[in-house]
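Visitor: Handing you this structure, nothing more for now.
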Amino acid sequence: MSVSLHPVVKASDELKDLLNKAIAREIQVSIQYMWQHVQVMGVKAVAVQDKFKQTAIAEMKHAEKIAERLWYLEGTPTTKPAPIEVGKSLKEFLEFDTKAEVEAIEMYRKIIELATKEKDVTTAFMFKEILEEEEEHHDLFTTMLEEV
Ligand SMILES: [Fe+2]
Ligand SMILES: [Fe+2]
């Protein structure tokens with residue numbers, strides 16, 4: 001008896017490419033938010049500093065999760081972040097971050113759609129969980145933006 005050593009799910013190149021784009025933006029935002037955590041100044045800093053750090057860590061966990069999945073699907077995870085935009089003021093930080101979360105939400109909806117079409121239930125499920133967190137981040141940043 002010969003058993004296949006390949007994954008049961010066969011992902012298309014299009015899906016694998018999208019997973020790598022997702023990894024690139026997860027690395028981007030994990031650095032972006034962590035450097036904002038480091039650079040935030042002023043009286044409002046105390047209230048928001050930890051939020052940037054916690055979100056940065058959450059994004060790094062997303063990067064790891066997606067990379068694991070891509071590796072399983074026989075793709076190689078990228079090491080290159082999408083362009084990082086830190087900003088110069090708290091308001092600018094939050095504008096860049098809101099933009100990044102909107103991009104994530106749009107991209108992850110597309111991934112869920114494609115993975116579902118390819119009957120890759122696990123990838124679709126994983127991105128539904130991640131998407132929920134990105135919506136929370138979006139809510140957090142827009143709420144903070146109302147305060148500055
Ligand atoms: Fe993320
Ligand atoms: Fe996020």
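The values are calculated or read from the model by the stated rules, or taken from the named source; none is laboratory data. Keep in mind the model is a prediction, meaning the values are calculated, not measured. Reconstructed Cβ throughout: ideal geometry from the backbone, glycine too, with neighbour counts over all protein chains shown. Ligands, DNA and RNA are excluded from the accessible area calculation, which covers all protein heavy atoms including side chains. Shrake-Rupley method; radii C 1.70, N 1.55, O 1.52, S 1.80 Å.
Visitor: For the chain, what is the calculated [θ] at 222 nm in deg cm²/dmol (nearest 500), taking -39500 (n - 2.57) for each run of four or more DSSP H residues and dividing by its residue count? Before the final figure, lay out each step's value.
Guide: Numbers: 4 runs with 110 residues, N = 148.
Computed mean residue ellipticity for the chain: -26500 deg cm²/dmol.
Visitor: What is the percent carbon and sulfur in the accessible area of the chain, measuring with a 1.4 Å probe over the protein chains and ignoring ligands? Mind dumping the intermediate values first?
Guide: Working: 5160 of 8820 Å².
Its accessible area is 59 percent carbon and sulfur atoms.
Visitor: Sticking with this one: With a Förster radius of 35 Å, plug the Cβ-Cβ distance of Glu95 and Glu74 into 1/(1 + (r/R0)^6) and report the FRET value to the nearest 0.05. Spell out each step's value before the answer.
Guide: Working: r = 38 Å, r/R0 = 1.09.
The computed FRET efficiency comes out at 0.35.
Visitor: If you count, for each residue, the other Cβ atoms within 10 Å and average over each peptide, how do 57-64, 94-101 line up from highest to lowest? The partial results should precede the final answer.
Guide: On the way: 57-64: 18.5, 94-101: 20.0.
Packing proxy ranking, top to bottom: 94-101, 57-64.
Visitor: A further question follows. In a shell of Cβ-Cβ distance under 10 Å around His62, excluding His62 itself, what net charge do Lys and Arg (+1) and Asp and Glu (-1) give? List each step's numbers first, then the result.
Guide: Values: positive: Arg25, Lys61, Lys65; negative: Glu26, Glu59, Glu64, Glu129, Glu133, Glu134.
Net charge in that neighbourhood comes out at -3.
Visitor: What order do Glu136, Glu85, Glu26 take when sorted by accessible area (1.4 Å probe), most exposed first? Intermediate results must be reported in sequence, preceding the final value.
Guide: Numbers: Glu136 110, Glu85 60, Glu26 0 Å².
Ranked from most to least accessible, the order is Glu136, Glu85, Glu26.
Visitor: Run the numbers for Met41 and Glu113: contour at 0.36 nm per residue of separation, minus the present Cα-Cα distance, in nm. List each step's numbers first, then the result.
Guide: Working: separation 72, 0.36 × 72 = 25.92 nm, distance 4.07 nm.
Here the answer is 21.9 nm.
Visitor: By its C-alpha gyration tensor, with a ≥ b ≥ c as the square roots of the eigenvalues, how is the chain shaped: rounded for a/c under 1.5, else prolate for a/b larger than b/c, else oblate?
Guide: Values: a/c = 2.91, a/b = 2.35, b/c = 1.24.
In terms of gyration-tensor shape, prolate.
Visitor: Something else now. Given the pairs Lys10/Lys65; Lys10/Lys110; Lys21/Lys119; Lys65/Lys117; Lys44/Lys110; Lys53/Lys117, which are separated by over 27 angstrom at their Cα positions? Can you show the working numbers first?
Guide: Numbers: Lys10/Lys65 18 Å; Lys10/Lys110 18 Å; Lys21/Lys119 20 Å; Lys65/Lys117 21 Å; Lys44/Lys110 36 Å; Lys53/Lys117 36 Å.
Listed pairs above 27 Å: Lys44/Lys110; Lys53/Lys117.
Visitor: Still on this structure: Sort Thr55, Thr78, Thr143 from largest to smallest accessible area, using a 1.4 Å probe on the heavy atoms of the protein chains. Please list the in-between numbers first.
Guide: Details: Thr55 5, Thr78 45, Thr143 65 Å².
Sorted descending by solvent-accessible area, the residues read Thr143, Thr78, Thr55.
Visitor: Tell me, what is the per residue accessible area of the chain in Å², probe radius 1.4 Å?
Guide: Values: 8820 Å² over 148 residues.
Heavy-atom accessible area per residue stands at 60 Å².
Visitor: For segment 84-145, give the magnitude of the charge dipole about the Cα centre (Cβ charges: +1 Lys/Arg, -1 Asp/Glu; no others), in debye to the nearest 20. Can you show the working numbers first?
Guide: Details: 8 positive and 17 negative charges, 38 e Å.
With Lys and Arg at +1 and Asp and Glu at -1, about 180 debye.
Visitor: Also, I was wondering about something else. Can you compute the charge dipole magnitude of segment 1-118 about its Cα centre, using +1 on each Lys and Arg Cβ and -1 on each Asp and Glu Cβ, nothing else charged? Give it in debye, rounded to the nearest 20. Write out the running numbers ahead of the final one.
Guide: Values: 17 positive and 18 negative charges, 44 e Å.
It works out to roughly 220 debye.
Visitor: Return a whole-number percent for the relative contact order of the chain, with Cα pairs under 8 Å and 6 or more residues apart as the contact set.
Guide: Values: 154 pairs, mean separation 42.0, N = 148.
Computed over the chain, the figure is 28 percent.
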